[in-house]
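K.L.:
After the structure tokens below, expect a handful of questions from me.
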Amino acid sequence: MTDLTDFESRLLKWISASDFIEVAWSTKRAAEAFKVEEKDVYEALAALTQKARDHIQIFYDGGAIRIVANY
């Protein structure tokens, strides 16, 4: 995980500290929280599934995306 960008690392920490199982994930809210474009959030999530695959799980449940991370 040493090759994470600053944004990827901050996003992973934020996800780890949040409850995106009970509260459905919102890319729009994440983009607003980090003051970036939604595209940047999508790219960072995709990168995290490669770079930090043992620390993040993204799944679909109850009509929404759910994300769990451990960082």
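K.L.:
Name the single residue that is surrounded by the fewest Cβ atoms within 10 Å (Cβ to Cβ) among those in region 53-69 being under 19 Å from L4 (Cα atoms) and more than 11 Å from the chain's Cα centre (by Cα).
P.N.:
D54
Condition check ((1) touching a Lys or Arg at 6+ places or on another chain (Cβ under 7 Å); (2) modelled with pLDDT of 95 or more; (3) of a type in the set (S, T, Y)) across all residues:
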{"position": "L11", "(1), (2), (3)": "no, yes, no"}
{"position": "I21", "(1), (2), (3)": "yes, no, no"}
{"position": "W25", "(1), (2), (3)": "yes, yes, no"}
{"position": "K35", "(1), (2), (3)": "no, yes, no"}
{"position": "D40", "(1), (2), (3)": "no, yes, no"}
{"position": "L48", "(1), (2), (3)": "no, yes, no"}
{"position": "I67", "(1), (2), (3)": "no, yes, no"}
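K.L.:
Only residues in region 46-59 that are in a strand (DSSP E or B) count as the first member; pair them with residues that are among the basic types (K, R) and modelled with pLDDT of 95 or more, Cβ under 9 angstrom, at least 6 apart or cross-chain, and list the lot.
P.N.:
Q57/R66; I58/R66; F59/R66
K.L.:
Please go through (1) farther than 13 Å from N70 by Cα; (2) among the β-branched types (V, I, T); (3) in contact (Cβ under 8 Å) with a residue 12 or more places away in the chain for T2 and return the number of the only condition it doesn't satisfy.
P.N.:
All conditions pass for T2, except number (3).
K.L.:
I need the full set of residues from region 62-71 which are part of a strand (DSSP E or B) and either under 14 Å from R10 (Cβ atoms) or free of Cβ contacts under 8 Å to residues at least 12 places away in the same chain (or both), in order please. Step through it out loud before you land on a result.
P.N.:
We begin by selecting, within region 62-71, every residue part of a strand (DSSP E or B); these are 64-69.
Correct list: A69 only.
K.L.:
So V36 fits all but one of (1) part of a helix (DSSP H, G or I); (2) more than 11 Å from the chain's Cα centre (by Cα); (3) surrounded by 11 or more Cβ atoms within 10 Å (Cβ to Cβ); what number is the exception?
P.N.:
Every listed condition holds for V36 apart from (1).
The values are calculated or read from the model by the stated rules, or taken from the named source; none is laboratory data. Owing to the predicted nature of the structure, the values given are computational and were not obtained by experimental measurement. Because the Cβ atoms are built from the backbone with ideal geometry, glycine has one as well, and the counts that use them run over all protein chains shown.
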